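Chemist: Quick one: the structure is below, and I'll ask about it shortly.
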Amino acid sequence: MFGQRIRQYMRENGISNRYVAKRSGIDEKKLSRLLNGQKMSVEEYAAICRGLGVDLNFFSDDNFLETRNQTA
């Protein structure tokens, strides 16, 4: 669930896997697997959020949907 939302956010904002991998400290291949449905640990999720510069709660249902509605 989070992987799909993160991938969507990255696509909509022109953010590459390479950029997030470098900023999060997660190998680019591992990041790709996480964003495509591999089970993600809390630590990995936190690292990805740090890499994107967003709060840990950003991709939760309410926050993510609210942000999407504001940009639509």
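The values are calculated or read from the model by the stated rules, or taken from the named source; none is laboratory data. Everything quoted here is computed from the prediction, not taken from an experiment. What goes into the accessible areas is simple: the full protein's heavy atoms, side chains included, and nothing from ligands, DNA or RNA. Shrake-Rupley method; radii C 1.70, N 1.55, O 1.52, S 1.80 Å.
Chemist: How much accessible surface does Asp55 have with a 1.4 Å probe, in Å² rounded to 10?
Modeler: Looks like 100 Å² after rounding.
Chemist: Of Phe58, Phe2, which has the most accessible area and how do the rest follow, probe 1.4 Å?
Modeler: Ranked from most to least accessible, the order is Phe2, Phe58.
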